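Written out below as structure tokens is the structure these notes cover.
The values are calculated or read from the model by the stated rules, or taken from the named source; none is laboratory data. All of these numbers come straight from a predicted model, not from anything done at the bench. Don't worry about glycine lacking a Cβ; one is built from the backbone with ideal geometry, like all the others, and counts go over all protein chains shown.
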Amino acid sequence: MHLTAITRRGALGLAGAALLAGCGGTGAEPKHGGTLRAAFAGGGAAETLDPHRVNLFADAARAKAMYDKLADLGGDMAAVPRLAESWEGNADLTVWTVRLREAVFHDGAPLTAADVLYSYRRITDPEETFRAGQDLAPIDLDASRAVDDRTVEFVLRHPLAEFPASLAAFGAYIVPEGADDFTAPVGTGPFTFAAFEPGRSFAADRFADHWDGPALLDRLEIVVADEESARVNALLGGQVDYAHDLSATTARANEGDDAITLLSSPGSNMLGFAMKTDRAPFDDPRVRQAMFLLCDREALLESVLSGRGLVGNDLFGLGFEHYADAIPQRERDVEAAKALLAEAGVPGLSVVLDTAEVGAGLPEAARIFAEQLREGGVQVELNVRNADTYWSEILTEGQIASYRSGAMPIASHLSQRLLTDSPTNLTAWRDADFDDRYLLLQSTADETDRQALYDELQQRLHDEGGYLVWGFADWIVGTAAHVRGVEPAPANTLDWARFDKVWTE
């Protein structure tokens with residue numbers, strides 16, 4: 001079967017009168033066989049099968065199908081063992097011993113400690129900018145060693161109480177020793193590679209020898225549908241069985257019907273705007289503070305999320321461990337914002353706000369926020385970028401951009417996005433003292449002292465950072481009524497896109 005990408009027009013043609021949704025049954029006996037077709041927003045030619053280069057949710061779903069990490073994240077952001085059977089730190093938390101499960105790659109080769117060490121060395125290669133590199137940076141890989149084929153001794157550069165979370169870092173997948181060509185990937189995951197056309201489609205087949213048991217499905221197919229409306233209509237029209245990343249508006253419109261099931265993970269989708277702190281006008285902290293004060297978070301929550309979410313306070317990770325919930329909620333104050341802009345010498349400020357159809361509600365939020373800024377005398381030009389290249393472009397270009405994030409530990413958010421050498425430092429936040437305090441945080445074993453450092457760093461970001469976090473949306477996916485086994489889960493966690501446990505009736 002030839003797989004193709006789904007467009008809004010093509011999906012609308014099949015949706016017709018099938019505008020029904022609701023709850024599929026639960027508790028049924030799992031069945032083996034069949035094919036599941038899942039629709040994700042994509043990234044065009046930038047899509048990849050290299051598990052260490054994943055950035056998009058479509059990339060992450062494909063990587064998860066074909067590869068495993070040593071650990072993954074539970075919904076509470078705690079590390080859950082995967083390829084690691086166990087881990088244990090020494091008394092001062094500078095050496096961690098990880099015992100591997102018995103697992104095999106798709107070509108029949110056994111998983112070994114050498115594969116793990118090779119994978120981590122590749123991820124931390126200083127010539128590369130892999131996202132998991134900062135999470136694994138505390139490991140001294142020259143000093144680390146394979147004790148035997150199934151045991152790795154990781155020697156750290158400093159004590160690290162939260163080391164297991166590093167094993168679960170986004171993109172920290174294990175590949176075979178020596179792997180550098182991913183056109184026909186070989187992993188230990190529940191599905192084996194079958195076909196891939198960047199920006200259009202992907203197919204993988206059940207791996208009978210997966211260490212966690214074979215998948216229930218015979219085949220997984222992932223197709224690209226960039227617009228949410230295309231994903232929804234493809235689901236309603238029977239083109240796909242699973243639609244990723246749906247908006248609260250869509251959920252509300254389809255609640256109570258029977259043809260689809262909507263699954264929601266509350267408050268796990270961070271929404272906001274990212275300001276470049278290294279260039280005008282946002283290199284002046286007073287201008288950034290004015291943006292914070294001009295944002296009407298409640299209005300955005302009601303308009304974009306239909307009230308289905310949580311108000312943000314310009315910090316990532318609401319509800320997660322180490323979140324600085326003692327920091328007072330920021331309130332809108334238009335006059336104070338105007339005073340800050342005048343003090344900064346830019347009372348008639350003009351900005352270009354980048355956005356794209358890369359996530360449910362992002363363009364709508366940008367339009368509403370632009371109107372809120374205009375109430376403070378800020379002139380705003382909306383720049384709608386190409387969805388396929390949006391994330392790579394805004395990493396280095398522009399002034400302020402629509403932004404979103406799935407779940408990860410707050411430590412990973414700091415290391416991947418807010419250190420001088422972070423690979424996805426979208427706000428260009430570079431502060432040597434901040435880097436040093438983060439390193440101290442990592443090295444602090446006492447939980448109370450470590451939390452005090454988390455609070456300190458988050459207070460800095462709340463006062464003068466570049467992320468304006470206005471809300472946390474529910475993470476919503478939709479499935480056809482005949483699909484079973486999909487669990488509501490925050491993106492980037494163990495049960496998210498866990499298609500090996502899904503079946504169809």
Cβ pairs under 8 Å, 6+ apart, first in the stretch 93-111 and free of Cβ contacts under 8 Å to residues at least 40 places away in the same chain, second assigned to a strand (DSSP E or B)
Pro110/Val104
Note: among Arg252, Arg279, Arg297, just one is within 25 Å of the chain's Cα centre (by Cα) and either surrounded by fewer than 21 Cβ atoms within 10 Å (Cβ to Cβ) or modelled with pLDDT under 95 (or both), namely Arg252
Can you tell me which residue within the stretch 340-378, out of those that are under 18 Å from Gly312 (Cα atoms) and in contact with a helix residue (DSSP H, G or I) (Cβ under 6 Å, 6 or more places away or on another chain), is modelled with the lowest pLDDT?
Ala360
Of Glu487, Glu447, the only residue that is in the same structural domain as Glu331 (by TED's automatic domain parsing) and in contact (Cβ under 8 Å) with a residue 60 or more places away in the chain is Glu447
Find all pairs meeting these conditions: Cβ atoms under 6 angstrom apart; at least six residues apart or on different chains; first residue within the stretch 410-437 and surrounded by fewer than 20 Cβ atoms within 10 Å (Cβ to Cβ); second residue basic (Lys, Arg) and not in a loop (DSSP other than H, G, I, E, B).
Thr424/Arg417
Pick from Ala259, Ala225, Ala208, Ala234: which is among the small types (Gly, Ala, Ser) and free of Cβ contacts under 8 Å to residues at least 24 places away in the same chain?
Ala208
Here the residues within the stretch 340-362 that are assigned to a loop (DSSP other than H, G, I, E, B) and within 27 Å of the chain's Cα centre (by Cα) are Ala356, Glu357, Val358, Gly359, Ala360, Gly361
Can you pull out every residue in the stretch 214-232 that is part of a loop (DSSP other than H, G, I, E, B), of a type in the set (A, V, I, L, M) and surrounded by 23 or more Cβ atoms within 10 Å (Cβ to Cβ)?
Ala215, Leu217, Ala225
For the stretch 88-116, name all the residues that are charged (D, E, K, R), modelled with pLDDT of 95 or more and surrounded by fewer than 18 Cβ atoms within 10 Å (Cβ to Cβ).
Glu88, Arg99, Arg101, Glu102, Asp107
For Asp388, which of the numbered conditions (1) farther than 25 Å from Asp284 by Cβ; (2) surrounded by fewer than 21 Cβ atoms within 10 Å (Cβ to Cβ) fails to hold?
(2)
Hey, among Ala280, Ala337, Ala324, which residue is assigned to a loop (DSSP other than H, G, I, E, B), among the hydrophobic types (A, V, I, L, M, F, W, C) and touching a helix residue (DSSP H, G or I) at 6+ places or on another chain (Cβ under 7 Å)?
Ala324
Spans of strands (runs of 3 or more DSSP E) in the stretch 53-119 with at least 2 residues closer than 29 Å to Ala184 by Cβ and touching a helix residue (DSSP H, G or I) at 6+ places or on another chain (Cβ under 8 Å):
71-73, 95-100
Looking only at the stretch 53-71, which residues are crowded, with 22+ Cβ neighbours inside 10 Å and touching a Ser or Thr at 6+ places or on another chain (Cβ under 8 Å)?
Val54, Asp59, Met66, Tyr67, Asp68
Find the residue count for the stretch 491-505, including only residues that are modelled with pLDDT of 95 or more, among the acidic types (Asp, Glu) and either touching a helix residue (DSSP H, G or I) at 6+ places or on another chain (Cβ under 7 Å) or not in a helix (DSSP H, G or I) (or both).
1
Might you let me know whether the stretch 189-200 holds any residue that is without any contact (Cβ under 8 Å) to a residue 12 or more places away in the chain, assigned to a loop (DSSP other than H, G, I, E, B) and surrounded by fewer than 24 Cβ atoms within 10 Å (Cβ to Cβ)?
no
Residues located in the stretch 237-256, provided they are among the hydrophobic types (A, V, I, L, M, F, W, C), farther than 18 Å from Leu56 by Cα and touching a residue at least 40 places away in the same chain (Cβ under 8 Å):
Val240, Ala248, Ala251
Go through (1) of a type outside the set (Ser, Thr, Tyr); (2) within 23 Å of Gly377 (Cβ to Cβ); (3) surrounded by fewer than 16 Cβ atoms within 10 Å (Cβ to Cβ) one by one and return the number of the condition Ala326 breaks.
(2)
